[in-house]
Amino acid sequence: MPKSVIIKEVGPRDGLQNESAVVPTEDKVELIRRLSDSGLKHIEVSSFVNPKWIPALADASDVFAQIERKDGVLYSALVPNERGLERALTANVDAVNIFMSASESHNRKNINKSIEDTFPVLSPVVKSAKNQGLPVRGYVSTVFGCPYEGKVNIESVLNVSHRLLEMGIDELSLGDTIGVAVPSQVTEVIEKLTTEIPREKIALHFHATYGTAMANIWAGLNSGISIFDAAVGGLGGCPYAPGASGNVATEDVLYMLHRMGIETGVDESKILDTAAWLEKVIGRNVASNMRAVQRGAS
Ligand code: HMG
Ligand code: MG
């Protein structure tokens, strides 16, 4: 069980990419200011994908141009190809996050290519980003289940993970894109992967569809994983994964970790305040448990 954990905040990207109403650029900038002020050291700000595919994040360059950067905080972005990397480098990102899926159908729906055809697209992105001295994270989506295929073969997870690591990525984030994982499966997948991949390189990215995300984090902790993705207010989802719900809420993860004596360096109350502020921006209640308790008390 790790004594401290790194939380990687994906709310501004994974959270806002799935909002039906586009959040104004100035509110995104204010969201990132608030997150930067909470002690978080990793914030995924936006994504340089094709804006026709994800209109909600079409203002990625403007957001990067307008955010105030805090020393010691890494501001990253999702990048699908060399065109995206060009835009990300112009925006002066601190870190690059590439992504693909372990299941063929989701990969095709999400990035318009087969798994095999995706490697030659991502490989030069990793190479150029590393040449620029930037850290690169690789997301593998649909690790625990696919919205189109159901069960996903562990061999496919291993294959995609290895190929990304061979390209030179620094970290692998295993995505439960549609939130179907259960703790025993998390343990099994990590045990299989860590026979060949160092545990320190693995992060976990849970969506919260069936209420198992916190239990999955517990399983991850027990397998020695110490990097977890989360989104303030539990926003999120992939528009190309039907049934995907929000990410596990950052404030709920902090609640559990802090009371287990695990340090994160993140101020729980500042994240909770940000979730409350976000409700005004998006015009509805967020799904986190912490926020529901706070609303009930006020
Ligand atoms: P494509 O249409 O096959 O791309 O899309 P293309 O290379 O054939 O190019 C077509 C046109 O798009 C061209 O313009 C390109 O310039 C333009 P035209 O010549 O026709 O005028 N284009 C771009 N423009 C701006 N920025 C770019 C870019 N790339 C091409 N980067 C592509 C392929 C991958 C780009 C597209 O499918 C795409 O953008 N997909 C992104 C989908 C997405 O963002 N999904 C959500 C994120 S993944 C996720 O949420 C999961 C995760 O959270 C983990 C988990 O939960 O599992 C990470
Ligand atoms: Mg996600």
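The values are calculated or read from the model by the stated rules, or taken from the named source; none is laboratory data. Nothing here was measured: the structure is a model prediction, and the numbers come from that model. Glycine gets a Cβ as well: all are built from the backbone with ideal geometry, and neighbour counts include every protein chain shown.
Kindly check whether there is at least one residue in the range 13-24 that is among the basic types (Lys, Arg), touching a strand residue (DSSP E or B) at 6+ places or on another chain (Cβ under 6 Å) and either at pLDDT 95 or above or within 16 Å of ligand 2 (Cβ to nearest atom) (or both). Talk me through it step by step, then tell me what you get.
Here is the first cut: in the range 13-24, the residues among the basic types (Lys, Arg) are 13.
From the residues that got through so far, the ones that are touching a strand residue (DSSP E or B) at 6+ places or on another chain (Cβ under 6 Å) too are 13.
From what is left, the residues that are either at pLDDT 95 or above or within 16 Å of ligand 2 (Cβ to nearest atom) (or both) are 13.
For the range 13-24, residues among the basic types (Lys, Arg), touching a strand residue (DSSP E or B) at 6+ places or on another chain (Cβ under 6 Å) and either at pLDDT 95 or above or within 16 Å of ligand 2 (Cβ to nearest atom) (or both): present.
If a residue has to be of a type in the set (Val, Ile, Thr) and closer than 27 Å to Val5 by Cβ to count, how many in the range 30-62 make the cut?
Quick first cut of the range 30-62, residues of a type in the set (Val, Ile, Thr) only: 32, 43, 45, 49, 54.
From what is left, the residues that are closer than 27 Å to Val5 by Cβ are 32, 43, 45.
Number of matching residues: 3.
This table checks each residue for (1) over 23 Å from Trp53 (Cα atoms); (2) out of contact with any Leu (no Cβ under 8 Å at 6 or more places or on another chain).
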position: His205; (1), (2): no, no
position: Trp218; (1), (2): yes, yes
position: Ile225; (1), (2): yes, no
position: Gly233; (1), (2): yes, no
position: Tyr240; (1), (2): no, yes
position: Leu257; (1), (2): yes, yes
position: Ile262; (1), (2): yes, no
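Out of all the residues in the range 184-200, which are surrounded by 18 or more Cβ atoms within 10 Å (Cβ to Cβ) and more than 21 Å from Ala241 (Cβ to Cβ)? Lay out the reasoning, then the answer.
Narrowing the range 184-200 to residues surrounded by 18 or more Cβ atoms within 10 Å (Cβ to Cβ): 185-186, 189-190, 193.
Residues satisfying the conditions are Ile190, Leu193.
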How about the range 47-97: which of its residues are within 15 Å of the chain's Cα centre (by Cα) and more than 9 Å from ligand 1 (Cβ to nearest atom)? Leu74, Tyr75, Ser76, Ala77, Ala95, Val96
Please indicate, with yes or no, whether at least one residue in the range 206-216 is modelled with pLDDT of 95 or more and in contact with a Lys or Arg (Cβ under 7 Å, 6 or more places away or on another chain). no
Please return the ranges of helices (runs of 4 or more DSSP H) entirely within the range 204-298 where 3 or more residues are hydrophobic (A, V, I, L, M, F, W, C) and under 20 Å from Phe144 (Cα atoms). 213-222
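A quick yes/no check of all residues on (1) within 18 Å of the chain's Cα centre (by Cα); (2) assigned to a loop (DSSP other than H, G, I, E, B); (3) within 30 Å of Val23 (Cβ to Cβ); (4) at pLDDT below 95:
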{"position": "Leu172", "(1), (2), (3), (4)": "yes, no, yes, no"}
{"position": "Ala181", "(1), (2), (3), (4)": "yes, yes, yes, no"}
{"position": "Ser184", "(1), (2), (3), (4)": "no, no, no, no"}
{"position": "Glu188", "(1), (2), (3), (4)": "no, no, no, no"}
{"position": "Lys192", "(1), (2), (3), (4)": "no, no, no, no"}
Which residue is modelled with the lowest pLDDT, if the candidates are limited to the range 244-262 and must be over 15 Å from Gly39 (Cα atoms) and in contact with a Gly (Cβ under 8 Å, 6 or more places away or on another chain)? Ala244
